[in-house]
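Below you'll find the structure, written out as structure tokens, and then a few comments.
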Amino acid sequence: MTKIALLQRSNLSEDQWHSMLISLLRGLAALIVAAAHLRAQVYPGFDTVQNPSLPFQGLAFVAGFAYLAVIVFFVLSGWLVGGSLLNRIGTDGVIRNYTIDRVTRLWIVLMPTFGAILLFGLATAALNPSRLSFAPDNAYSATALVGNLVGLQNILVPEFGGNFPLWSLANETWYYVLFPLLVMLFRTRSTWRRVLILLTVAAIVQLLNSAILLYFSIWLLGVAFSRVRIECGPFLRWTLFLGLIGAAAAIRLKGKSDISVDSFVQYLLFSMVFVLFLSSMQVTWARTRANEWVNRVGRFFSEFSFTLYVLHIPLMGAMLHLAAPVLGNAKLDPHRPLHLLVYLLLYVGLVVGAFLFHLPFEARTYQVREWLKTTLRFRSGAVRV
């Protein structure tokens, strides 16, 4: 018998199937996005290839899930970030700690990546130091750098260094801001605070474009279902899983291949099936050798998924620049198996490079967070004394 339970706290236990799936999907989504962008860079467009080989068709099909992977990021971000904030409501320093968590999550990867972009740009001659300025439309300017740190890319400034996947971080940044404002709006008893929050939200709404605001509902869907557990048997779980696969395949084959106002409905329907499936998987997984191996693989790739997502474009540019004497500037041939091997080598280089880059930065996120929280707590305590 199926039962829907509303949870008092979001279930973030790592011994649950849904947590394992979240790790797997975070890593897989970043891998798909990197594969798609590398394919677009080194291979000709699929529609321009006559009689494409079966391996190239498979690669193009998988790469076509890149936008859907971003939607998965939005849902999981709402589930994890929004859910964890709701769990901490009422605790001491909740907004301060939430702010530290969000800023460190973004900046500990973005700031070194921006440094790498500048170095790669100088090394590949893509960046001319004499043309640097503070102009907002200059992708290498200090204005663009600061704007990208605070989520203003594609709103007031371009993506820094032409790193176009950063567009989605504008969505994430403003969702991180809007959600706690909405939480405080409904919790505060002070009229003037409500007015101040409403004015702040209104100013943000005026700043953002309609697509960012519309897709906030998908992020909120992740938050809402982080408090829902569907207790059911394997038949319903398999039905939801197959429905999720079917929805993804339908969008890939027949849907709109972008993230815009026009494509919102298809992604909303996919997200509904997705959160229902995740909610049905809130059960403890058996400690078998196979399950533990899958869990380790998922956690491994999820731990540097953000670095891979943010870094792969500039890293790709640097790799192709170094390989130019051998590969030249021509596109790879979709009909030659040897060129597929070249693609795979480049792809492995991207993944390995992102993993190595994450070790001194993203891997230290929790240490930096705790240091900041301890330092700020000590200072605030000193002020009170």
- Step through the residues of the stretch 358-366 one at a time and calculate ³J(HN,Hα) from phi using the Karplus curve (6.51 cos²θ - 1.76 cosθ + 1.60, θ = phi - 60°), rounding each to whole Hz and writing x for Gly and Pro. 6, 4, x, 10, 4, 5, 9, 3, 5
- For 186-195, 46-55, 15-24, 226-235, ranked highest to lowest by mean beta-carbon neighbours within 10 Å, the order is 15-24, 226-235, 46-55, 186-195
- Arranged from highest to lowest average of other beta-carbon atoms within 10 Å per residue, in what order do the peptides 287-296, 240-249 appear? 240-249, 287-296
- In the stretch 104-244, what is the volume of the convex hull around the alpha carbon atoms, normalised per residue and reported in Å³? 164 Å³
- Peptides 121-128, 67-74, 347-354 ordered by average Cβ neighbours within 10 Å, highest first: 67-74, 347-354, 121-128
- Item | Lys/Arg +1, Asp/Glu -1 at C-beta; the chain dipole; positive extreme among Pro337, Ile259, Ala63 | Ile259
- Message: From the helices alone, meaning DSSP H stretches of at least four residues, give me the mean residue ellipticity at 222 nm for the chain, per-run term -39500 (n - 2.57), in deg cm²/dmol to the nearest 500.
- Response: -23000 deg cm²/dmol
- Query: What number, in percent, do you get for the relative contact order of the stretch 158-309 if the mean sequence gap of Cα pairs under 8 Å and at least 6 apart is divided by its residue count?
  - Reply: 23 percent
- Can you spot the lysines whose alpha carbon is less than 27 Å from Lys331's alpha carbon? Ignore those fewer than 8 places along the same chain. Lys256
- Task: From zero up to wherever the largest Cα-Cα distance of the chain sits, split into 20 Å bins and tell me the percent of pairs in each.
- Result: 24, 58, 17, 1
- Please report the relative contact order for the stretch 3-384, taking Cα pairs under 8 Å with a sequence separation of at least 6, and give it as a percent rounded to a whole number. 32 percent
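No value in this document is a laboratory result; all are computed from the given coordinates. Remember, it's a predicted structure, so these values are computed and weren't measured experimentally. Because the Cβ atoms are built from the backbone with ideal geometry, glycine has one as well, and the counts that use them run over all protein chains shown.
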